[in-house]
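The values are calculated or read from the model by the stated rules, or taken from the named source; none is laboratory data. Given the structure is predicted, the values throughout are model-derived calculations rather than measurements. Note that we place each Cβ from the backbone using ideal geometry, even for glycine, and neighbour counts take in every protein chain shown. SASA here: full protein model, heavy atoms, side chains in, ligands and nucleic acids out. Shrake-Rupley method; radii C 1.70, N 1.55, O 1.52, S 1.80 Å.
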Amino acid sequence: MLYSQLVMDHFQNPRNVGKMEDADGIGEVGNAKCGDIMKMYIKVEDGKISDVKFNTFGCGSAIATSSIATEMIKGKTIPEALRLSNQAVVEALGGLPAHKIHCSVLAEEAVKAAVKDYYDRHGISYDEKLFRFCDHEHDENEEDN
Amino acid sequence: MKIYVDNAATTKMSQRAIQAMMPYLDGVYGNPSSLHTYGQEAAEALENAREAVAKAIGAEANEIYFTSGGTEADNQAILTGAILGERKGKKHIISSKFEHHAVLNTLKQLEKQGFTVTLLEVYENGLVRLEDVKQAIREDTGFVTIMMANNEIGTIQPIREIGALCRERGILFHTDAVQAVGHIPVDVKKLKVDLLSLSGHKFHGPKGVGALYVRKSVPLQKFITGGAQERGKRAGTENIPGIVAMAEALQESIENLSESQNHILSMRDRLIEKLREIPHSKVNGDLQYHLPGTVNMCFEGIEGESMLLLLDAKGIAASSGSACTSGSLDPSHVLLALGLPHEVAHGSLRLSLDAANTQEEVTYICEVLPEVVAYLRSISPVWEELEKGERKHVI
């Protein structure tokens with residue numbers, strides 16, 4: 001099978017899926033041209049992420065990584081959420097096919113983008129370096145033989 | 001319910017083909033190159049199969065060369081076209097933008113070896129225009145290769161007209177007819193093709209076997225070197241069980257052609273009629289010049305792989321031209337060649353029907369698919385932007 005049972009479970013029964021009307025921060029990453037966009041909404045109370053929602057346009061693993069990332073940051077402090085790495089997302093899902101690793105990168109970046117938006121809205125200063133996203137102009141993995 | 005609507009990818013082997021194959025897996029196991037009775041029995045089966053395949057496409061038996069499949073047949077045909085052209089100092093090749101990778105990547109290799117390739121436009125309807133072929137022909141054009149029916153969208157190209165043009169200009173012409181043979185009438189004489197590729201598993205034969213038709217006067221070039229099999233043009237002990245089964249499957253497909261076509265067409269018409277009711281959807285490719293069984297559609301705001309996975313969970317096996325299913329990050333080159341934007345091409349779905357499908361299955365697909373599309377749209381930020389007017393609908 002292409003995906004593990006856990007990936008399929010998060011894809012078919014995504015956690016925290018939906019929009020949030022009163023979000024404190026919204027992050028959107030990816031682009032439709034490449035075939036995946038993640039939008040993450042966070043609600044922050046007492047420095048903790050009290051609620052999180054996501055919407056994703058993308059493949060099965062894009063939806064699954066969004067879903068598990070929301071579970072991994074819910075209830076966590078903002079610094080904890082910022083430490084969420086794409087490797088942690090992949091591990092939590094029990095692995096992803098090699099050509100789907102970029103989905104986990106998007107999930108990490110969606111969380112960071114939502115936090116950045118929260119900081120911006122609330123006038124909280126931060127280190128720009130934390131939010132330097134790699135751009136998503138993917139290299140074509142063209143086979144050349 | 002389990003529904004297989006991915007027949008353009010591959011088909012289930014027919015019972016007749018399996019039955020025809022069995023003796024050659026068991027009792028008749030000789031090598032056709034051997035002189036003894038075992039070998040001669042196999043050799044006879046091989047020649048009978050060759051005659052059957054030839055008859056099915058209006059060719060002579062000695063114009064048929066068996067290969068390992070459509071890809072090998074395409075490779076050998078193109079290599080032949082290139083070499084024969086080069087001998088006359090003609091290193092320009094004409095093809096189209098939406099050929100199968102077996103053709104496109106072979107042409108890419110030839111470009112590295114100094115050939116020039118013109119890939120013709122296929123326009124929004126997915127049809128090569130005869131006029132464009134005429135325009136593209138140069139002094140040094142030695143070879144033209146245009147597919148008969150496109151594998152993703154099913155459009156049928158004006159092969160007969162292109163064949164006549166090439167014959168008149170003395171240019172060698174190949175068609176990749178892998179999706180056409182066994183599905184629509186194919187007659188190499190009427191089409192005026194010099195080379196034609198076909199593949200067994202696309203018409204209920206086994207995988208790993210195909211054939212190349214080569215018009216008598218065309219000196220086929222060796223591609224796989226070794227023994228003297230296939231009249232010295234394709235080395236390697238022949239896949240007798242596969243060849244026998246392919247020939248049987250092809251005969252069966254052609255015997256049932258008119259009956260199955262009507263059934264498949266009526267299912268396809270119903271699918272299209274119902275599914276195009278889904279808002280912001282589009283049926284891809286010309287609907288008149290079209291294979292009976294292939295339906296290709298795009299649904300805006302969603303991505304194809306997730307659509308396929310949800311359909312699979314509901315028992316429907318289909319295909320998509322999204323990047324995630326192509327193994328690269330770009331969506332299908334076929335859909336891009338039609339001028340569809342990347343984001344729309346990502347949301348494509350191909351349903352390819354067969355005579356074994358039923359109207360009940362079509363009804364079920366028409367119930368399930370709109371739900372899947374609606375669900376994926378409900379969680380799609382792209383759809384949200386489209387609905388809010390922040391992003392423009394393209395279809």
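If we scan region B:230-242, do we find a residue that is aliphatic (A, V, I, L, M) and buried (at least 24 other Cβ atoms within 10 Å of the Cβ)?
Checked against the condition, which is being aliphatic (A, V, I, L, M) and buried (at least 24 other Cβ atoms within 10 Å of the Cβ), region B:230-242 yields at least one hit.
So, in region A:86-100, of the ones that are open to solvent by 30 Å² or more (accessible area, probe 1.4 Å) and within 14 Å of another protein chain (Cβ to nearest Cβ), which residue ends up modelled with the highest pLDDT?
Taking the candidates together, the pick is A:ALA98.
Hey, can you tell me all the residues within region B:110-133 that are polar (S, T, N, Q) and either in contact with a Ser or Thr (Cβ under 6 Å, 6 or more places away or on another chain) or open to solvent by 50 Å² or more (accessible area, probe 1.4 Å) (or both)? Write out each step before concluding.
Taking region B:110-133 first, the residues polar (S, T, N, Q) are B:113, B:116, B:118, B:125.
Matches in region B:110-133: B:GLN113, B:THR116, B:ASN125.
Does B:ILE224 qualify as being among the β-branched types (Val, Ile, Thr), closer than 20 Å to B:ASN151 by Cα and at pLDDT 95 or above?
It is false that B:ILE224 is among the β-branched types (Val, Ile, Thr), closer than 20 Å to B:ASN151 by Cα and at pLDDT 95 or above.
Look through region A:119-145, keep the residues that are among the acidic types (Asp, Glu) and open to solvent by 90 Å² or more (accessible area, probe 1.4 Å), and return whichever of them is modelled with the highest pLDDT. Outline the logic, then answer.
Step one: of region A:119-145, the residues among the acidic types (Asp, Glu) are A:120, A:127-128, A:135, A:137, A:139-140, A:142-144.
Checking which are open to solvent by 90 Å² or more (accessible area, probe 1.4 Å) leaves us with A:128, A:135, A:137, A:139-140, A:142-144.
Details: A:GLU128: 87, A:ASP135: 49, A:GLU137: 44, A:ASP139: 41, A:GLU140: 40, A:GLU142: 37, A:GLU143: 36, A:ASP144: 36.
Residue satisfying both the conditions and the ranking: A:GLU128.
Take the residues in region B:381-395 that are touching a residue at least 24 places away in the same chain (Cβ under 8 Å) and either open to solvent by less than 20 Å² (accessible area, probe 1.4 Å) or touching a strand residue (DSSP E or B) at 6+ places or on another chain (Cβ under 6 Å) (or both); name whichever of them is nearest to B:LEU340 (Cα to Cα).
Selected residue: B:ILE395.
Quickly run through region B:1-57 and pick out the residues that are β-branched (Val, Ile, Thr) and open to solvent by less than 90 Å² (accessible area, probe 1.4 Å).
B:ILE3, B:VAL5, B:THR10, B:THR11, B:ILE18, B:VAL28, B:VAL53, B:ILE57, listed by residue number.
Each row is one residue, and each column tells you yes or no for (1) closer than 18 Å to B:ALA59 by Cα; (2) in contact (Cβ under 8 Å) with a residue 40 or more places away in the chain; (3) open to solvent by less than 40 Å² (accessible area, probe 1.4 Å); (4) not in a loop (DSSP other than H, G, I, E, B).
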| position | (1), (2), (3), (4) |
| --- | --- |
| B:VAL193 | yes, no, yes, no |
| B:LEU196 | yes, yes, yes, yes |
| B:GLY205 | no, yes, yes, no |
| B:LYS222 | no, no, no, no |
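What number of residues within region B:285-326 satisfy the criterion of being touching a Gly at 6+ places or on another chain (Cβ under 7 Å), in contact (Cβ under 8 Å) with a residue 60 or more places away in the chain and closer than 22 Å to B:LYS202 by Cα?
Matching residues across region B:285-326 total 7.
Among the residues of region B:360-380 satisfying the criterion of being open to solvent by 50 Å² or more (accessible area, probe 1.4 Å) and either assigned to a strand (DSSP E or B) or within 11 Å of chain A (Cβ to nearest Cβ) (or both), which is nearest to B:ARG391 (Cα to Cα)?
Applying the filter and picking the extreme gives B:SER378.
Given the residues A:LYS48, A:LYS116, which is the only one that is within 14 Å of the chain's Cα centre (by Cα) and either open to solvent by 30 Å² or more (accessible area, probe 1.4 Å) or more than 13 Å from chain B (Cβ to nearest Cβ) (or both)?
Going through A:LYS48, A:LYS116 in turn, just one is within 14 Å of the chain's Cα centre (by Cα) and either open to solvent by 30 Å² or more (accessible area, probe 1.4 Å) or more than 13 Å from chain B (Cβ to nearest Cβ) (or both): A:LYS116.
Tell me the residue from A:SER104, A:SER67 that is touching a His at 6+ places or on another chain (Cβ under 7 Å), among the polar types (S, T, N, Q) and assigned to a helix (DSSP H, G or I), please.
Unique residue meeting the criteria: A:SER67.
I'm told B:GLY236 meets every condition in (1) on the phi > 0 side of the Ramachandran plot; (2) within 21 Å of the chain's Cα centre (by Cα) except one. Can you identify the failing condition by its number?
Condition not satisfied by B:GLY236: (2).
Would a scan of region B:139-156 turn up a residue that is assigned to a helix (DSSP H, G or I) and at pLDDT 95 or above? Before you say what the answer is, go through the steps one by one.
To start, the set of residues in region B:139-156 that are assigned to a helix (DSSP H, G or I) comprises none.
Checked against the condition, which is being assigned to a helix (DSSP H, G or I) and at pLDDT 95 or above, region B:139-156 yields no hits at all.
Name the residue, out of B:GLY89, B:GLY69, that is modelled with pLDDT of 95 or more, over 15 Å from B:MET147 (Cα atoms) and surrounded by fewer than 21 Cβ atoms within 10 Å (Cβ to Cβ). So that I can check it myself, show each step before the final result.
Values: B:GLY69 fails: surrounded by fewer than 21 Cβ atoms within 10 Å (Cβ to Cβ).
Selected residue: B:GLY89, the only one of B:GLY89, B:GLY69 that is modelled with pLDDT of 95 or more, over 15 Å from B:MET147 (Cα atoms) and surrounded by fewer than 21 Cβ atoms within 10 Å (Cβ to Cβ).
From (1) assigned by TED's automatic domain parsing to the domain that holds B:ARG160; (2) modelled with pLDDT of 95 or more, pick out the condition that doesn't hold for B:ALA313.
Unmet condition: (1).
In region A:4-31, how many residues are within 22 Å of B:LEU308 (Cα to Cα), facing chain B (nearest Cβ under 8 Å) and not in a helix (DSSP H, G or I)?
Number satisfying all stated conditions: 3.
One line per residue, one yes/no per condition, for (1) more than 14 Å from the chain's Cα centre (by Cα); (2) acidic (Asp, Glu); (3) more than 29 Å from B:ASN284 (Cβ to Cβ):
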{"site": "B:SER95", "(1), (2), (3)": "yes, no, no"}
{"site": "B:HIS101", "(1), (2), (3)": "no, no, no"}
{"site": "B:LYS112", "(1), (2), (3)": "yes, no, yes"}
{"site": "B:PRO158", "(1), (2), (3)": "yes, no, no"}
{"site": "B:LEU172", "(1), (2), (3)": "yes, no, yes"}
{"site": "B:HIS183", "(1), (2), (3)": "no, no, no"}
{"site": "B:LYS189", "(1), (2), (3)": "yes, no, yes"}
{"site": "B:ASP194", "(1), (2), (3)": "yes, yes, yes"}
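Just for helices (runs of 4 or more DSSP H) wholly inside region B:271-359: which have at least 2 residues that are open to solvent by 20 Å² or more (accessible area, probe 1.4 Å) and within 22 Å of B:GLU99 (Cβ to Cβ)?
B:323-326, B:333-337
Take the residues of region A:51-73 that are in contact with a strand residue (DSSP E or B) (Cβ under 7 Å, 6 or more places away or on another chain) and away from chain B (no Cβ under 12 Å): which is surrounded by the fewest Cβ atoms within 10 Å (Cβ to Cβ)?
A:ASP51
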